[in-house]
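To start, the structure under review is shown below, and the notes come after it.
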Amino acid sequence: MNARIIGTGSYLPERVVHNTELEKLMDTTDEWIRERTGIEQRHYAAEGETTVDMAEHAARRAIEAAGLAPGDIDLIVFATATPDLVFPNCGTLLQARLGCTGAPAFSVEAACSGFIYALSIADKFVRAGEAKRALVVGAETLTRITDFTDRTTAILFADGAGAVVLAASEEPGILSTQLHADGSYKDLLYCTGGVSKGYPPDSGNRAVIRMAGRETFKVAVTMLGNSVDEVLAKNGLPKSAINWLVPHQANIRIIQAVARKLDLPMERVIVTVQDHGNTSAASVPLALDTGVRDGRIRKGDLILLEAFGGGFTWGAALVRM
Ligand code: UT7
């Protein structure tokens, strides 16, 4: 049995923040942000709007696109680093809203790679016959852990949600997923606080993102390059078989480096970083839904998803749509 993506959905909060608005808040310029990151604008959640609020919109759209009702969902795997509450987990909070109670629902925390991890887990449930219609979500309110006094990170991160529905199928779907982590890099990209460790007074008693950007960039390009090679080799497929690259949207220069590695022209890459910024676990399903809804990604296409994030964690998935 295979797991096929039969529906995608996404949601972006209403408020759009252009680079020029950030110029007024910190010592930065629209030109620097565009050149170094590719970002032009991003979306910020409204006050009181939570990760699960956004996830609910994305999930309902994915379920509708799949031609299902919420009650058909028998597994929820929810990737986020910015949960509404410590517990119940976001998967169960979403489940209560959708009304598909009884099935397993849980969260996965693997920072920006969260969605690839969640997809890999859900795929295994479906292949094992333990779920028939799984909802896989990536959603974040990163602005709640952004330090707006740190221009090196504040210009990058944003909010949003994306979701897919996986269905058990005899046709091929998710061909394989390759996950990796190297915790020895924990100090290059992290959040400064948490429930058990506490919250540092020097960040106003809230947890905020810290990143050594240049070092993270280098490792990301190397590991993502290795990952895409690995997932193709595992499936015995050449680079030329890929129809679309759907990458994590952290930086246009990282995306271009992976595309070059795959000999893929940028016309074959779904790029949303200019409009969405870095939405961590939401970025890959947001980009996927963009490509599906605007008609670029079609049934039968071979797509390669990849992501890299704090931990470090990284991974790739090869998917027949
Ligand atoms: O999603 C999880 C994974 N995340 C990533 O993979 C992100 C990886 N890193 C990056 O995308 C890039 O490293 C950044 C976009 C974060 C930074 O770009 P960079 O080209 O690596 O810049 P840099 O850190 O080397 O900084 C270059 C200069 C510095 O000034 P000096 O030391 O050369 O005088 C920074 O202080 O740019 C300065 N700078 C800024 N200037 C204007 C840093 N941030 C800003 C800013 N506006 N916002």
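The values are calculated or read from the model by the stated rules, or taken from the named source; none is laboratory data. For clarity, every value in this text was computed on a predicted model and none was experimentally measured. FYI the Cβ positions are ideal-geometry reconstructions off the backbone, even for glycines, and counts take in every protein chain you see.
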Checklist entry - Within the stretch 176-207, can you find the residues that are crowded, with 17+ Cβ neighbours inside 10 Å, within 15 Å of the ligand (Cβ to nearest atom) and not in a strand (DSSP E or B)? => result Y185, L188
Checklist outcome for this item: Among strands (runs of 3 or more DSSP E) completely within the stretch 221-321, the ones holding 3 or more residues that are within 11 Å of the ligand (Cβ to nearest atom) and modelled with pLDDT of 95 or more are 302-309
Checklist entry - Yes or no: V271 touching a residue at least 12 places away in the same chain (Cβ under 8 Å), touching a Leu at 6+ places or on another chain (Cβ under 8 Å) and either among the hydroxyl-bearing types (S, T, Y) or over 21 Å from L189 (Cβ atoms) (or both)? => result no
Checklist entry - From A139, A81, which residue is assigned to a loop (DSSP other than H, G, I, E, B), under 28 Å from T272 (Cα atoms) and within 16 Å of the ligand (Cβ to nearest atom)? => result A81
Item to check | In the stretch 222-256, the residues that are aliphatic (A, V, I, L, M) and either within 16 Å of L119 (Cβ to Cβ) or surrounded by 17 or more Cβ atoms within 10 Å (Cβ to Cβ) (or both) | outcome: M223, L224, V228, V231, L232, I242, L245, V246, A250, I252, I254, I255
Checklist outcome for this item: Restricting the stretch 94-135 to residues that are assigned to a strand (DSSP E or B) and over 22 Å from L224 (Cα atoms), the one farthest from the chain's Cα centre (by Cα) turns out to be R133
Next on the checklist: Within the stretch 106-117, does at least one residue satisfy the condition of being polar (S, T, N, Q), in contact with a Ser or Thr (Cβ under 9 Å, 6 or more places away or on another chain), under 30 Å from I39 (Cα atoms) and in contact (Cβ under 8 Å) with a residue 60 or more places away in the chain?
Outcome noted: yes
